[in-house]
Amino acid sequence: MERIKLSTPRVQNRQRALRILVISIIGMFVIASVPTTPSQEALSKQGSTGSEVRQIQTKLKNWGYYKGSVDGVFGSQTRAAVVWFQRKNGLKVDGVAGPQTLAAMGIFTKSSSPSSAGGQSNLNLLARIISAEARGEPYSGQVAVGAVVLNRVEHPSFPDTIAGVIYQKGAFTALTDGQFNQPVQESAYRAARDALNGWDPVGGAIYYYNPRTATNQWIRKRPVVTTIGKHTFCM
């Protein structure tokens, strides 16, 4: 009769340890064999190619920073345009389209999608332009400036993101006179939230100006919707 060998607890422990070791080794080989994907924090810089570069070129071209072809190749012209954009908008000037520069352009990576970091980024940007353009205005006038930005996002004649509207070349004097980089008033954050939640005190207006200081005759001929504080809002 065949003799049956009984496993002792020590043998069972050794067998269990051996199985765990084998499984771990197999797991390491499986992980090593899976192709790696680019980091979500990957940067677009000189030499990069692809759809993100095309997005960067398209936005910079629309805003007047880039004169080259939208070919998806991050060359010297694209880098120069990124540097110009960064310098004009108070960003780190390195010619690399990292997360902060991309967010300022309204381009979001997987780790900073509009549903996550982008929502806060939009709020911060809107609050900053409200504070810069409507500092000292009544609260409804602050909300009104935010509403104009959002009305432009929905209008076919303007960029379709908050960042795109705010950073559009020549759109807001606050970006060139230094006001945009001043500390943001607390009321501006509340006004930005109210505007984002749908409060539009200006009935869809897409422009505004101060009649006392405006020198552009074109804007003075636009159909006026309302006046709040020192600003006249128009279509």
*Taking the convex hull of the Cα atoms, report for the range 51-107 its projected area averaged over all directions, in nm².*
3.2
*Pop the C-beta distance of residue 87 and residue 221 into the FRET formula with R0 = 30 Å and round what comes out to the nearest 0.05.*
0.30
*Where Lys and Arg each count +1 and Asp and Glu each count -1, what net charge lies around residue 232 among other residues with Cβ under 15 Å from its Cβ?*
+3
*Using the beta-carbon distance between residue 76 and residue 190 and R0 = 35 Å, what value does 1/(1 + (r/R0)^6) give for FRET efficiency, to the nearest 0.05?*
0.20
*Give me the compactness ratio for the range 112-199, meaning the Cα radius of gyration over 2.2 N^0.38 Å.*
0.99
*What ranking, highest mean first, results for peptides 220-227, 146-153, 209-216, 59-66 when packing means the other Cβ atoms within 10 Å averaged over each residue?*
146-153, 59-66, 220-227, 209-216
*Filter the cross-link list 61/92; 59/221; 61/88; 45/92 down to pairs whose alpha-carbon distance in this structure exceeds 18 Å.*
61/92; 59/221
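Bear in mind that the values in this text are calculations on the coordinates, not laboratory data. What you see is a predicted model; the values in this text were computed from it and never measured. A quick note on method: Cβ atoms are made from the backbone with ideal geometry, for glycine too, and the neighbour counts reach across all protein chains shown.
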